[in-house]
Amino acid sequence: TLSPPLPRPATGSVDAMPSVARINITPVKSTTLHHPPCVELGPRGAEGDRRFFLVDGDGRRFSGDRKGPLLAVRADHDPATDRLRFRLPEGAEAEGPAAATGDALVVNFYGRDVPAHLVPGPWEGMLSAFVGRPVRLARPDRTGDALDVEPVTLVSLASVDELSRQGGSEGRVDPDRFRMLLEVDGCGPHEEDRWWGRLLKIGRAVIRAGAPVPRCVVTTLDPATGMRDFPTLSVIKRYRGVTSGNELPFGIYGRVERVGAVAVGDRIDLLD
């Protein structure tokens, strides 16, 4: 069963009101995260987040530690012109229109069938060579369908600090490895677990906090290089245990109950 949240430390920033410390989005799932100062939250997630995703040569979602190299690839999407640009770590780039003019697909996203179309472009050969296997770009037919489960994910930096300490790290492991939409300051380790089912006012948006996020092998990879550098899963299992579904929990999901803008520094108020 899921272990209870750890008590708050006696000192530190946990005496402050919880607030948004960082926002993480990316136009192409699995590529380098962007950290905008604010984002508009709609019913299907943050504007511009995970608008595209990658599939393998057979049209299946490109997943697992195979996608490690993609973590170092930066993708930029201009919604005004609907153009995409990919940049590799060494500087090579590929750019073109992001129109979904290719073949239709139905891709399995954690048990959900997601209708999509391929997006042909000059990036296909570059990305395939970079990751060492065929990959193609896809765009879901419905905005927001390329999110894993729920439109919002959230984790406290105190939880990341506790994981780092439990794993023997000299400092905080990079929170980017968890690829959460919102990182939160001002609360204790795993305090966010106690928000399950509650309404959170964040900026102008209202979120219904949900279940813990089950973690996968990608969290063991350095988000800057895609190389394995921290035993995240075994550390979570050792000090937190597993859920009744045999999953390793870290951070929480959320649903958007009221749309609105969220910015770094916004307070998080528990409404109920």
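In the chain, the calculated helix contribution to ellipticity at 222 nm averages -3000 deg cm²/dmol per residue, counting -39,500 (n - 2.57) for every DSSP H run with n ≥ 4. The region of the chain that goes longest without hitting one of the chymotrypsin sites (Phe, Trp or Tyr not before Pro) in a DSSP loop, each with at most 16 other Cβ atoms within 10 Å, is 1-109. Segment residue 58..residue 255, full-extension length gain: 67.7 nm, with 0.36 nm per residue of separation and the alpha-carbon distance subtracted. If the segment from residue 34 to residue 174 were pulled out straight at 0.36 nm per residue, it would be longer than the present Cα-Cα gap by 49.0 nm.
Once the Cβ-Cβ distance of residue 129 and residue 101 is raised to the sixth power relative to R0 = 30 Å, the FRET efficiency obtained is 0.85. Placing unit charges on the Cβ atoms of the charged side chains and taking the dipole of the range 44-151 about its Cα centre, the candidate lying farthest along the positive direction among 73, 120, 108 is 108.
Structural descriptor for the chain: relative contact order 27 percent, calculated from alpha carbon pairs under 8 angstrom and at least 6 residues apart. Other residues lying with their Cβ under 10 Å from the Cβ of residue 252 contribute a combined charge of -2, Lys and Arg counting +1, Asp and Glu -1. The solvent-accessible area of residue 258, taken with every protein chain present and a 1.4 Å probe, is close to 120 Å². Placing a label point 7 Å from the Cα of residue 66 along the Cα-to-Cβ direction, the residues of the range 136-153 whose backbone N falls under 12 Å of that point are 136. What separates the Cα centres of the range 170-194 and the range 58-108 is a distance of 27 Å.
Here the relative contact order of the range 176-272, from alpha carbon pairs under 8 Å that lie six or more residues apart, stands at 39 percent.
With a 10 Å cut-off between alpha carbons and a GNM built on the chain, which of 93, 170, 257 moves the most? Answer for the Gaussian network model of the chain: 170.
A straight chain from residue 44 to residue 92 at 0.36 nm per residue would run longer than the Cα-Cα distance by 14.0 nm.
The values are calculated or read from the model by the stated rules, or taken from the named source; none is laboratory data. These figures come from a predicted structure and were not determined experimentally. Don't worry about glycine lacking a Cβ; one is built from the backbone with ideal geometry, like all the others, and counts go over all protein chains shown. Just the protein is used for accessible areas: all its heavy atoms, side chains included, with ligands, DNA and RNA removed. Shrake-Rupley method; radii C 1.70, N 1.55, O 1.52, S 1.80 Å.
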